[in-house]
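Notes to accompany the following structure.
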Amino acid sequence: MGIFSPGFTGRRHESKEELPPGQYLERGFPVLSAGPTPRIDKRDWELTLVTERGERRSWNWQQMLDLGPEEIATDIHCVTAWSKLGTSWRGVPLDRFLDGVETEAQYLFAGSYGGYTTNMPLGELKGRAWVAFEYDGADLDPEHGGPARLLVPHLYFWKSAKWVNSLRLLTADEPGFWERNGYNMHGDPWREERYW
Amino acid sequence: MRVRWVPALLVDAHAQTPASRTLVFVAPDLESPLAGQHVDVRLTAEDGYTAQRAYSLGSPAGADRIELTVDRMPDGEVSPYLVDMLQVGNLIEVRGPIGQFFVWRPEQTEPVQLIAGGSGIVPLMSMIRTREAVGGTAPMRLLYSVRTPEGRLYADELDALATAGRLEVQYVYTREAPADWEREAGRLTPELLAELTLAPDQDPAVYVCGPTPFVEAVADGLVQAGHRVASIRTERFGPSG
Ligand SMILES: Cc1cc2nc3c(=O)[nH]c(=O)nc-3n(C[C@H](O)[C@H](O)[C@H](O)COP(=O)(O)OP(=O)(O)OC[C@H]3O[C@@H](n4cnc5c(N)ncnc54)[C@H](O)[C@@H]3O)c2cc1C
């Protein structure tokens, strides 16, 4: 380091142990998306899982709810350097969608209404990823990914694909949207894996 | 990680408006930027405490001096320091340039519609300047929403480009319009948006940048007006204006 900013003191009390390196605490809920916000009615919503052998399973909104949602309390970390601590969500664990699925896949490639995609290692998602549809006790706003988004809070938030509608299981890693546009294949905030 | 923090020396600075300042840095270790990219800025206090924020580059692609224009957010942690305290001759750290999607490349030949809210003009200015630097002929239009006439960033440069016939510029004033203005001050409505921008049948590349609520409203309006979703690129600066 060695470069100091003379006279800069900062908002000390906001520097917290729980924050990954380079992150600051945000009270609001900023939005990061590359294009317009898709508006999807729950009645039209569908999520499709495709395995590496091309087997498919689909869920409509009710079938997704029938898998058994749970409450999630978690910190979230955006690559643009804000973090929110103790956010509360409701969603269905990813494991429930994978129940009984035969797969050798090592990667998950999530796709969204509007064409967004993102990739992540499947092995680290057990018990750590959800399809979330409520935030802070209310339906998830479209600009935050409603009606449903992926929630993968241990990775930077661009991995938590908004407006998710497909889950592809892959044997080889493939870059998603931001991953092709300068961002890291993995995206662990604690290791500051922000960019290429 | 490939992108590293590198030093940037403030070599020039001037007020753009009472609430904003343009800062010119020399950062020899920074890779050459594309038009529309941003950098992360990191400030470090004497005891090692750091804070970082994203700022778009206003300078044209490939420029060896990078330029930021920062709006002072009341009680903000980083922006008041950059606007009021940082002195010419001081160093900060920057990382980037970042983003390969919200960029305009001189090879693009399709018409371009730029839409800015407030300081969202900064990366669009980089696109305008890049097109000027290469003498680009792709038609380019700017719709710029600002609170007041005095709040316009890059006002002289935009006026000169408009006068020279290089750029079509439309303004929407949300708080206070000039005395002789054709419209009352007020928010950009979907009707006004459709009236003041290139029509969907020209299939322009559209770049929208500004505070999140502005970008949300404009992007929705564009989709409703019939623009292709894939032709609309957005950059959201944050929750507030
Ligand atoms: C890709 C990108 C590009 C950007 N480019 C530009 C640019 O070109 N120019 C530009 O000016 N900005 C730009 N921004 C915005 C910039 O990154 C900062 O968000 C902005 O400068 C505010 O930072 P700050 O540290 O001053 O304010 P912060 O400390 O982050 O605070 C922001 C606002 O929230 C309020 N606030 C903060 N903490 C609290 C709290 N605890 N309680 C209540 N209120 C609070 C503050 O009063 C302030 O008004 C860009 C953002 C992104 C993501």
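Return the residues of segment B:20-53 that are in contact with an Asp or Glu (Cβ under 6 Å, 6 or more places away or on another chain), open to solvent by 20 Å² or more (accessible area, probe 1.4 Å) and in contact (Cβ under 8 Å) with a residue 60 or more places away in the chain; say none if nothing qualifies.
none
Quick one: would you say B:THR163 is of a type outside the set (A, V, I, L, M, F, W, C) and open to solvent by 60 Å² or more (accessible area, probe 1.4 Å)?
Yes; evaluated as a whole, the condition is true for this residue.
Go through B:GLU176, B:GLU150 for me and flag whichever is in contact (Cβ under 8 Å) with a residue 60 or more places away in the chain and open to solvent by 90 Å² or more (accessible area, probe 1.4 Å).
The unique qualifying residue is B:GLU150.
A:ARG180: charged (D, E, K, R) and either surrounded by 24 or more Cβ atoms within 10 Å (Cβ to Cβ) or within 11 Å of chain B (Cβ to nearest Cβ) (or both), yes or no?
yes
Inspect all residues belonging to segment B:102-116 and state whether any of them is crowded, with 17+ Cβ neighbours inside 10 Å, of a type in the set (Gly, Ala, Ser) and within 14 Å of another protein chain (Cβ to nearest Cβ).
No, segment B:102-116 has no match at all.
Take the residues in segment B:120-154 that are under 23 Å from B:ARG72 (Cβ atoms) and touching a Pro at 6+ places or on another chain (Cβ under 8 Å), then tell me which one is farthest from the ligand (Cβ to nearest atom).
B:PRO149
Any residue in segment B:189-205 that is in the same structural domain as B:ASP220 (by TED's automatic domain parsing) sitting within a Cβ distance under 8 Å of a residue that is open to solvent by 80 Å² or more (accessible area, probe 1.4 Å) and in a helix (DSSP H, G or I)? List the pairs, counting only those 6 or more apart or interchain.
B:PRO190/B:GLN224
How do the pairs read when you match residues in segment B:120-133 that are in contact (Cβ under 8 Å) with a residue 60 or more places away in the chain with residues anywhere that are surrounded by fewer than 24 Cβ atoms within 10 Å (Cβ to Cβ) and of a type in the set (Lys, Arg), using Cβ under 7 Å and keeping only pairs 6 or more apart or on different chains?
B:GLU132/B:ARG166
So which residues in segment B:41-78 are more than 14 Å from chain A (Cβ to nearest Cβ) and more than 9 Å from the ligand (Cβ to nearest atom), if there are any at all?
B:SER59, B:PRO60, B:ALA61, B:GLY62, B:ALA63, B:ASP64, B:ARG65, B:ILE66, B:GLU67
The values are calculated or read from the model by the stated rules, or taken from the named source; none is laboratory data. Only a predicted model underlies this, so the values are computations on that prediction, with no experimental measurement involved. Cβ: placed from backbone, ideal geometry, glycine included. Neighbour counts: every protein chain shown. Areas reflect the complete protein model, heavy atoms only, side chains present, ligands, DNA and RNA absent. Shrake-Rupley method; radii C 1.70, N 1.55, O 1.52, S 1.80 Å.
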